[in-house]
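Taking it in order: structure first as structure tokens, then the write-up.
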Amino acid sequence: MASSSPAAETWLLENGHIKPLSKEMRHGHGRSHGRTAHNVSSSSLRKKSDLTLVRKVPCAIVRDVLANVQEVILGTKLFVLFIAIPIAIVAHYKNFGRSWVFGLSLLGLTPLAERVSFLTEQIAFFTGPTVGGLLNATCGNATELIIAIFALIQHKVDVVKYSLLGSILSNLLLVLGTSLFCGGIANISKEQKYDRKQADVNSLLLLLGLLCHALPLMFRYAGVGQSAAITAQATLNLSRVSCIVMLLAYFGYLVFQLWTHRQLFDAQAEDNEGDDTEDEEAVLGFWSAFAWLVGMTILIALLSEYVVGTIEAASDSWGISVSFISVILLPIVGNAAEHAGAIIFAFKNKLDISLGVALGSATQIAMFVVPLCVVVSWIIGVRMDLDFSLLETSSLALAIIVTAFTLQDGTSHYIKGLVLLLCYIVIGASFFVSNIPQNQPNGVNLGSSSEGIMRV
């Protein structure tokens, strides 16, 4: 349960023994419990809770419940968006306009994504650095993964591909571009620097992911003249093998980050967090945080089901294509809290955190979420491959290459951010005007025609 006093000790479970953390240990605890750039970024949108009134409640159980609610629900600057969740549920069951259900569900996902980051961080206080790091790595993009799984269950393979592609593009071009641009403007009189080590590692993984995405597309074009069914099956088999390779690479990345080269990531966190974690301590107990995390995950799953089920209705009502909604709107709104935090730290000239958010999230989606979705679709009998078609794969390739060139020298200024933003605008415009029927023989098929899904 929540701490009943701001001076309460923080306890750490280590090697089977419970021991209190000293002031000195607590100051460095951001590193020791698996705190990542995602957590640091999201913390910029959190509010310091004042439990003065709550402590005056005589009943201990009621006092603890109210303290939990204040920390979890009111402990974020985005708490006002929580009202969208019950309204979306009522709108769904009262058969209001489906486009309204879509919009309200999308708004409701915004604070939930930020709270999941907060709750995983609270749990990591009690689980130690390795488990905390793995938990953050798994839950870092929980919203995208849950939406993708619900879309797969409904055989909407195109929505899965578009939304995951959009998440990668928004992190590499929009979030990183805005961070570099705003940071460059706010610190125009000084040269901004960042650690290239992590950027290099993430760039290598993204290039590997690009290779795994490009090969199925090239394989399909190389098979022109052969039977369409044979080419499609071979492309699917190649994609599944590539996904296994990508998951192995991501596992190697976790070993690199959490064990063998942990000092690189710890040094970055220590250099950049500064005073932001000066008084950091656990505000929830382990089981309280776990129960809240389960509840938040259920709400994310519910709203994700609404989003997937109403996306076509929103497309028809708003007059924009499903591809634009999936590639642009879903990633921007779903990760608004994390993105805003990255930009705030760029203003503070802490680019390592901003880069950790943008590149780390893009890498996790490309190397973990995408191949995991292909494996899940394999298990449930849905045909999903890595052939993202020509426009999508080209956009991904150009985004990764431009980002890699932008980060090659370890310094930044606002013109780099401006170029990334302009690239994002051009790519977004291409999806806005793209409204090609899926059965048109132009070589931009999403590879899911066997499911009878029309591209809107």
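Put a dot 7 Å past each Cα toward the Cβ at I83 and R196; how far apart are the dots in nm?
5.0
How would you rank 338-346, 313-321, 325-333, 161-169, highest first, on the average number of other Cβ atoms within 10 Å across their residues? Before the final figure, lay out each step's value.
Values: 338-346: 25.3, 313-321: 15.7, 325-333: 23.6, 161-169: 27.6.
With the highest mean Cβ count within 10 Å placed first, the list reads 161-169, 338-346, 325-333, 313-321.
In nanometres, what is the gap between the two model label sites at Y221 and Q154, each 7 Å from Cα along Cα-to-Cβ?
Distance between the two pseudo-spin positions: 3.3 nm.
Can you check what the net charge comes to around L109, using other residues whose Cβ is under 11 Å from the Cβ of L109 (Lys, Arg +1; Asp, Glu -1)?
-1
Give me D for the range 313-360 in µm² s⁻¹, whole number, from Stokes-Einstein with Rh from the Kirkwood sum over alpha-carbon pairs, 10 °C and 1.306 mPa s.
130
When the Karplus curve 6.51 cos²θ - 1.76 cosθ + 1.60 is applied with θ = phi - 60°, which whole-Hz ³J(HN,Hα) does each residue of the range 415-420 get, with x for Gly and Pro?
5, 5, x, 4, 4, 4
Return the carbon/sulfur percentage of the accessible area of the range 372-420, one whole number, probe 1.4 Å, all protein chains in place.
Values: 1460 of 1930 Å².
The computed percentage sits at 76.
So who's got an amide H within less than 5 Å of the one on Q192, skipping anything under 5 residues away but keeping other chains? H placed 1.01 Å off N, in plane.
The answer is S412.
Which net charge results when you count Lys and Arg as +1 and Asp and Glu as -1 among the other residues whose beta-carbon is under 13 Å from that of N237?
So the surrounding residues net to +1.
Rolling a 1.4 Å sphere over the protein heavy atoms, what is the accessible area per residue of the range 306-400, to the nearest Å²?
Details: 2420 Å² over 95 residues.
With the other protein chains kept in place, the range 306-400 gives 25 Å² per residue.
For W259 and I298 in the same chain, what is the full-extension length gain: residue separation times 0.36 nm, less their Cα-Cα distance, in nm?
So the extension gain works out to 10.9 nm.
If you count, for each residue, the other Cβ atoms within 10 Å and average over each peptide, how do 82-91, 202-211 line up from highest to lowest?
202-211, 82-91
Return the carbon/sulfur percentage of the accessible area of the range 69-119, one whole number, probe 1.4 Å, all protein chains in place. Could you put the intermediate results ahead of the total?
On the way: 1630 of 2220 Å².
Solvent-exposed carbon and sulfur of the range 69-119 make up 73 percent of the total.
For the range 175-262, which trypsin sites (Lys or Arg not before Pro) pass both filters: DSSP loop (anything but H, G, I, E, B) and at most 16 other C-beta atoms within 10 Å?
In loop regions of the range 175-262 (DSSP not H, G, I, E or B), the sparsely surrounded trypsin sites (Lys or Arg not before Pro) are K190.
So what is log10(I(q)/I(0)) for the range 317-428 at q = 0.19, 0.20 1/Å, when the Debye sum runs over its Cα atoms only?
Ignoring solvent entirely, the Cα scatterers give -1.26, -1.36.
May I ask you to work out the translational diffusion coefficient for the range 350-408 at 10 °C, viscosity 1.306 mPa s, via Stokes-Einstein with Rh from the Kirkwood sum over Cα pairs, reported in whole µm²/s?
Value of D from the Cα-based Kirkwood radius: 120 µm²/s.
State the Cα centre-to-centre distance between the range 212-262 and the range 283-357 in whole Å.
Spelled out, the Cα-based centre of one part sits 27 Å from the other.
Could you tell me what a quarter of the Cα convex hull surface of the range 147-206 works out to, in nm² with one decimal place?
About 5.3 nm², averaged over all directions.
Hey, which of these cross-link pairs are over 31 Å Cα-Cα: K161/K193; K94/K156; K161/K348; K156/K197?
Cα-Cα > 31 Å for K161/K193; K161/K348; K156/K197; rest within.
Taking K and R as +1 and D and E as -1, what net charge do the other residues with C-beta under 12 Å from the C-beta of W318 add up to?
-1
The values are calculated or read from the model by the stated rules, or taken from the named source; none is laboratory data. Just so it is clear, the model here is predicted, and its values are computed rather than measured. Please note: Cβ atoms are built from the backbone with ideal geometry, for glycine as well, and neighbour counts cover all protein chains shown. Ligands, DNA and RNA are stripped out before the accessible areas are found, and what is left, the full protein with its side chains, is counted by its heavy atoms. Shrake-Rupley method; radii C 1.70, N 1.55, O 1.52, S 1.80 Å.
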